[in-house]
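Reviewing the structure listed below.
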Amino acid sequence: DTAAAPRAIAALPDQLISQIAAGEVVERPSAVVKELLENALDAGATQISIRLEQGGIKRIAITDNGRGIPVEQIPLALARHATSKIGSLSDLENVATLGFRGEALASIASVAQLTLITRTASAAHAWEMGALQSSPVPSSGATGTTIEVLDLYYNTPARRKFLKSDQTEYGHCAEVVRRIALSRPDVTFSLTHNGKTIDHWNLADMDKRSAQILGTDFSAARLALDEQAGPLRLHGYAGLPTASRGRADAQYFYVNGRYVRDKLLTHAVRSAYQDVLHGDRYPSYVLALDLDPALVDVNVHPSKIEVRFRDSRAVHQFVFHAVTRALSQTSATADGQVPA
Ligand code: ADP
Ligand code: MG
């Protein structure tokens, strides 16, 4: 009761710290999928398979053919605040990898049963370690890494109650895979759910990958754009008004290869469409903004879905003008097709 003497200040146990952090990083199965996919890409993988069961709640297993983890570093990979990606503040300010917080695997392992199997090219065989084990044991497998996550929130029933149906959770997972696959046509992805292959995207270029994922409706009605101004480059596809949708569900924006949902960027694109689109329609687009990593702060939010630009006005103007210019190429043609 509230009249009781307050508890003395005490440091929290590591496991509890990770479970608290997991609340931010691992809000649902799709967040686990995102973190594991980012790790696979950071490890240089060119082939990634994602196997889900029961919307990812029962099982998420991701296998990549990346560089693997040297056996002596495996325990550290699972430890909190341990990363191979940055070592100093200046690394953080120039970070080019998708991860850098050294938090994902530890957070996931604190709320699910996590097992890691990994092998580097020079190792004689693979090694395996469960998060509850103290050291790796010999295993088998090809060069690369498999991370398996079972029974999300098995030990935190209160959180487990917030999960939606398998189908809804699966939908979120599949969307995360699409976002990442759209940004990396140079990587092959396969996605299975409950043993059934749902998607398989082969090695491709951006043109083909966006058609694979967004459908031929989109590829038949979009403008390619690629503009550069000083340190800013915007490239990708802006959908024509005929490719617009009743919901904002085909809007993909990447900053330095990272999918973001950013108000400033969404607004800049939306404004560019103002003259060509009615208010109740949402443009479709796949746009990638590349800039010097020092000009953008990605360490704003634990899931890194928001970013902060050093010069947000300049970014807004640049994106607005680049998309406006692309769209204005079409208004001259009556049928709304790309001029030859
Ligand atoms: P972060 O990605 O922020 O470094 P993580 O907890 O996601 O933190 O991963 C910890 C470390 O484990 C990474 O820095 C990396 O060295 C290693 N690691 C994780 N996943 C993989 C993978 N799929 N392939 C190779 N190394 C990995
Ligand atoms: Mg990571």
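The values are calculated or read from the model by the stated rules, or taken from the named source; none is laboratory data. Owing to the predicted nature of the structure, the values given are computational and were not obtained by experimental measurement. Note that we place each Cβ from the backbone using ideal geometry, even for glycine, and neighbour counts take in every protein chain shown.
Table for the structure above
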item: Test for L78: is it assigned by TED's automatic domain parsing to the domain that holds Y154, in contact with a Leu (Cβ under 8 Å, 6 or more places away or on another chain) and near ligand 1 (Cβ under 9 Å from one of its atoms); result: yes
item: Search result, residues across segment 298-328 that are closer than 15 Å to R261 by Cα, without any contact (Cβ under 8 Å) to a residue 40 or more places away in the chain and touching a strand residue (DSSP E or B) at 6+ places or on another chain (Cβ under 9 Å); result: V300, R308
item: Looking only at segment 129-147, and only at residues there that are of a type in the set (A, V, I, L, M, F, W, C) and either more than 25 Å from the chain's Cα centre (by Cα) or surrounded by 17 or more Cβ atoms within 10 Å (Cβ to Cβ) (or both), the one that is farthest from ligand 1 (Cβ to nearest atom); result: V137
item: Top-ranked residue in segment 38-47 [being within 15 Å of L182 (Cα to Cα) and within 9 Å of ligand 1 (Cβ to nearest atom); ranked as surrounded by the fewest Cβ atoms within 10 Å (Cβ to Cβ)]; result: E38
item: Boolean, R51 is more than 15 Å from ligand 1 (Cβ to nearest atom) and in the same structural domain as D151 (by TED's automatic domain parsing); result: no
item: Strands (runs of 3 or more DSSP E) contained entirely in segment 68-168, each with at least 1 residues that are over 16 Å from S18 (Cα atoms), in contact (Cβ under 8 Å) with a residue 12 or more places away in the chain and among the small types (G, A, S); result: 126-130, 137-139, 144-150
item: Scan of segment 53-73 for residues that are buried (at least 20 other Cβ atoms within 10 Å of the Cβ) and out of contact with any helix residue (DSSP H, G or I) (no Cβ under 8 Å at 6 or more places or on another chain), ordered by number; result: T63, G68
item: Residues located in segment 191-218, provided they are touching an Asp or Glu at 6+ places or on another chain (Cβ under 7 Å) and not in a loop (DSSP other than H, G, I, E, B); result: L191
item: Test for E35: is it within 16 Å of ligand 2 (Cβ to nearest atom), within 16 Å of the chain's Cα centre (by Cα) and surrounded by fewer than 18 Cβ atoms within 10 Å (Cβ to Cβ); result: no
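Per-residue answers, yes or no, for (1) touching a Leu at 6+ places or on another chain (Cβ under 9 Å); (2) under 30 Å from A294 (Cβ atoms); (3) more than 16 Å from ligand 2 (Cβ to nearest atom); (4) not polar (S, T, N, Q):
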{"site": "R51", "(1), (2), (3), (4)": "yes, no, yes, yes"}
{"site": "K58", "(1), (2), (3), (4)": "yes, no, yes, yes"}
{"site": "A61", "(1), (2), (3), (4)": "yes, no, yes, yes"}
{"site": "L89", "(1), (2), (3), (4)": "no, yes, yes, yes"}
{"site": "V95", "(1), (2), (3), (4)": "no, yes, no, yes"}
{"site": "S139", "(1), (2), (3), (4)": "no, no, yes, no"}
{"site": "P157", "(1), (2), (3), (4)": "no, no, yes, yes"}
{"site": "K161", "(1), (2), (3), (4)": "no, no, yes, yes"}
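Per-residue answers, yes or no, for (1) modelled with pLDDT under 95; (2) at negative phi; (3) surrounded by fewer than 22 Cβ atoms within 10 Å (Cβ to Cβ):
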site: R101; (1), (2), (3): yes, yes, yes
site: L105; (1), (2), (3): no, yes, no
site: A121; (1), (2), (3): no, yes, yes
site: W127; (1), (2), (3): no, yes, no
site: L152; (1), (2), (3): no, yes, no
site: R159; (1), (2), (3): yes, yes, yes
site: S165; (1), (2), (3): no, yes, yes
